[in-house]
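Working notes, structure below.
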Amino acid sequence: MSKVLLDGDIIAYRSAYSTEEMTREDAEHKADELIEDVVSFTMFEHDFSLLEVFLTGPTNFRCDLATIAPYKGNRKDSVKPKHLTAVRNYLTEEYAAVVSVDEEADDLIAIRATELGRGTVIASVDKDFLQVPVTFFNTGRREFTEVSEFDAHYNFYTQVLTGDRADNIKGLANIGPKKAERALEGATTEEELYARVYDMYDGDMGALLENARLLWLRRKEGQMWLPPDQR
């Protein structure tokens, strides 16, 4: 059976937010429920040995990389739910969650998915995982998406054009999904996708590299994104 790589950050936040006025035990029980739900949808048998859980640690290379706008700077004043730390500790103790160092859980998941190859399932609500060519299970919608190699490249380069508002990555001004779709229309290879994006950035390699590296999910430890002709 396939491995299921679970975005523990989503589980931790959802569990803690939904039990804000309840006890720590309630928050932990909610985490169990959410994980059980993922397992029941992604596995024929409830084999928790096939589940791997990942959490984001306190340090992230993207914070030093970002110069156009502070990475996730739009979240600096947000208040974290009171049971968040308790739930994170619970996930590490009960589900052997792996905590990232100097990168995000997303990077660890993408690296692990690349090691395991096709057939792997990534479980999250984060659309960033659509740049990884495996099976994506949207835990909110309970929907599966098979992401091909070209789909993965297309989704990534679309984000390089549009940015990511949730992470305070600006992308190009006045470029939304529809304009990005028109810009990439007809491209059939990664090289062609990159060429379209380069043209849209009007040769501003500094901005293109920064946005791409902020958005790119690593496939190997320590990896930094490079244009296709520089790999």
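Give me D for the stretch 14-84 in µm² s⁻¹, whole number, from Stokes-Einstein with Rh from the Kirkwood sum over alpha-carbon pairs, 4 °C and 1.567 mPa s. Calculated translational D: 86 µm²/s. Per-residue ellipticity at 222 nm, computed for the chain from helices alone with -39500 (n - 2.57) per DSSP H run of at least four residues, works out to -13500 deg cm²/dmol.
Using only the alpha-carbon atoms of the stretch 68-135 as identical scatterers, what base-10 log of I(q)/I(0) does the Debye formula give at q = 0.23 Å⁻¹? So the normalised log intensities are -1.18. Among the GluC sites (Glu not before Pro) found in the stretch 1-83, those both in a DSSP coil and sparsely packed, with 15 or fewer other Cβ atoms within 10 Å of their Cβ, are GLU20, GLU21, GLU45.
Between the listed residues ASN74, ALA110, LEU91, the Cα displaced farthest toward the positive end of the dipole of the stretch 39-121, a dipole computed from Cβ unit charges relative to the Cα centre, is found at ASN74.
Above 22 angstrom, tally the Cα pairs of the chain and express them as a % of all pairs, no decimals. Roughly 54 percent, rounded to a whole number. Remark: the stretch 138-231 carries a charge dipole of roughly 400 debye about the Cα centre, counting +1 on each Lys and Arg Cβ and -1 on each Asp and Glu Cβ. For the chain, the Cβ-based charge dipole about the Cα centre amounts to some 580 debye (Lys, Arg positive; Asp, Glu negative; other atoms uncharged).
Bear in mind that the values in this text are calculations on the coordinates, not laboratory data. It should be emphasised that the depicted structure is a prediction, and the values quoted were computed from it without experimental measurement. Reconstructed Cβ throughout: ideal geometry from the backbone, glycine too, with neighbour counts over all protein chains shown.
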